[in-house]
């Protein structure tokens, strides 16, 4: 959301025609890559706590980052959970082997809040306007539909 605000961008969910198209495009990509997908009926999900939790785990328990990301993505994009509900978010974390109390404490730590703010500002300065954005070196790619181009760029930079 901070990237959206800083760059004047808007979620596809806030523009009906774009939202319908984006949902269809997500379905196409899920089918292409053989992954489950359920369009979450609880959008928009306020992701500030989740972004702080990811920042906290990344900085303090990096070996658990992939597990947290998988848990959150599955909860939103497969299980259709309303992660606006703090108690549901907490039980989702607990079910995945995280201490919801510990994650919440880390996410509310002023140092973690500052780290997220700093990384968001750096991302915006680098040209980020939304997610998913992936950099390969200095080349920026936006959108899940850029995976082939990202692979090509990785190969190009390795030669």
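Checked across segment 101-109, the condition of being in the same structural domain as residue 40 (by TED's automatic domain parsing), closer than 21 Å to residue 4 by Cβ and either in contact (Cβ under 8 Å) with a residue 40 or more places away in the chain or surrounded by 13 or more Cβ atoms within 10 Å (Cβ to Cβ) (or both) holds for at least one residue.
Take the residues in segment 138-149 that are in contact with a helix residue (DSSP H, G or I) (Cβ under 8 Å, 6 or more places away or on another chain) and modelled with pLDDT of 95 or more, then tell me which one is surrounded by the most Cβ atoms within 10 Å (Cβ to Cβ).
First pass over segment 138-149, keeping only residues in contact with a helix residue (DSSP H, G or I) (Cβ under 8 Å, 6 or more places away or on another chain): 139-141, 144-145.
Next cut, modelled with pLDDT of 95 or more only: 139-141.
Working: 139: 13, 140: 14, 141: 16.
The selected residue is 141.
Of all positions in segment 1-18, none carries a residue that is surrounded by 13 or more Cβ atoms within 10 Å (Cβ to Cβ), out of contact with any helix residue (DSSP H, G or I) (no Cβ under 9 Å at 6 or more places or on another chain) and over 20 Å from residue 133 (Cα atoms).
Residue-level check: of (1) under 30 Å from residue 25 (Cα atoms); (2) touching a helix residue (DSSP H, G or I) at 6+ places or on another chain (Cβ under 8 Å); (3) assigned by TED's automatic domain parsing to the domain that holds residue 40, residue 85 misses just (2).
Looking at this structure, is residue 119 out of contact with any strand residue (DSSP E or B) (no Cβ under 9 Å at 6 or more places or on another chain), free of Cβ contacts under 8 Å to residues at least 24 places away in the same chain and in the same structural domain as residue 39 (by TED's automatic domain parsing)? Show your work before the answer.
Working: out of contact with any strand residue (DSSP E or B) (no Cβ under 9 Å at 6 or more places or on another chain): yes; free of Cβ contacts under 8 Å to residues at least 24 places away in the same chain: no; in the same structural domain as residue 39 (by TED's automatic domain parsing): yes.
The answer is no for residue 119.
When you go through 133, 92 one by one, which is the residue that is buried (at least 16 other Cβ atoms within 10 Å of the Cβ), at negative phi and touching a strand residue (DSSP E or B) at 6+ places or on another chain (Cβ under 6 Å)?
On the way: 92 fails: touching a strand residue (DSSP E or B) at 6+ places or on another chain (Cβ under 6 Å).
Sole residue among the options that is buried (at least 16 other Cβ atoms within 10 Å of the Cβ), at negative phi and touching a strand residue (DSSP E or B) at 6+ places or on another chain (Cβ under 6 Å): 133.
The values are calculated or read from the model by the stated rules, or taken from the named source; none is laboratory data. Predicted, not measured: the structure shown is a model, and the values here were computed from it. Neighbour counts are summed over all protein chains in view; Cβ atoms, including those assigned to glycine, are modelled from backbone coordinates with ideal geometry.
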